[in-house]
Amino acid sequence: MSKELPYTEETPLKGTFPYDVSKSCTDLIAQSYFKTYGLSIAIARFGN
């Protein structure tokens, strides 16, 4: 878990646990659709 708070849009995705990694993967898949097909996307990252 990153100790840098607050998180920004430039904060790298560094998942350690399976749940974290799954969230990183969904972000990367969405970004690939934007780059490949020009599909508009919005990514919201919420924290507890």
(message) Only four residue types carry charge here, +1 at the Cβ of Lys and Arg and -1 at the Cβ of Asp and Glu. Report the dipole size of the chain about the Cα centre in Debye, rounded to the nearest 20.
(response) 80
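Within the chain, which is the longest segment that contains none of the chymotrypsin sites (Phe, Trp or Tyr not before Pro) sitting in a DSSP loop with at most 16 other Cβ atoms within 10 Å?
It works out to 8-45.
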(request) List, in order, the whole-Hz ³J(HN,Hα) value for each residue of the range 37-43 obtained from phi through the Karplus relation with A = 6.51, B = -1.76, C = 1.60 and θ = phi - 60°; use x for Gly and Pro. (result) 10, x, 6, 5, 9, 9, 10
(request) With no solvent and one equal point scatterer per Cα, compute the Debye intensity ratio I(q)/I(0) for the chain at 0.15, 0.22 Å⁻¹ and report its log10, rounded to two decimals. (result) -0.45, -0.88
(request) Calculate one ³J(HN,Hα) per residue across the range 31-36 by plugging θ = phi - 60° into the Karplus curve 6.51 cos²θ - 1.76 cosθ + 1.60, and present them in order as whole Hz with x for glycine and proline. (result) 5, 5, 5, 5, 5, 7
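Any read-out appearing in this document is the output of simple, stated calculations on the displayed coordinates, not a laboratory observation. From a predicted model like this one, the values you see are computed outputs, not experimental measurements. Positions of Cβ are generated from backbone atoms using ideal geometry, with glycine treated the same way; all protein chains shown enter the neighbour counts.
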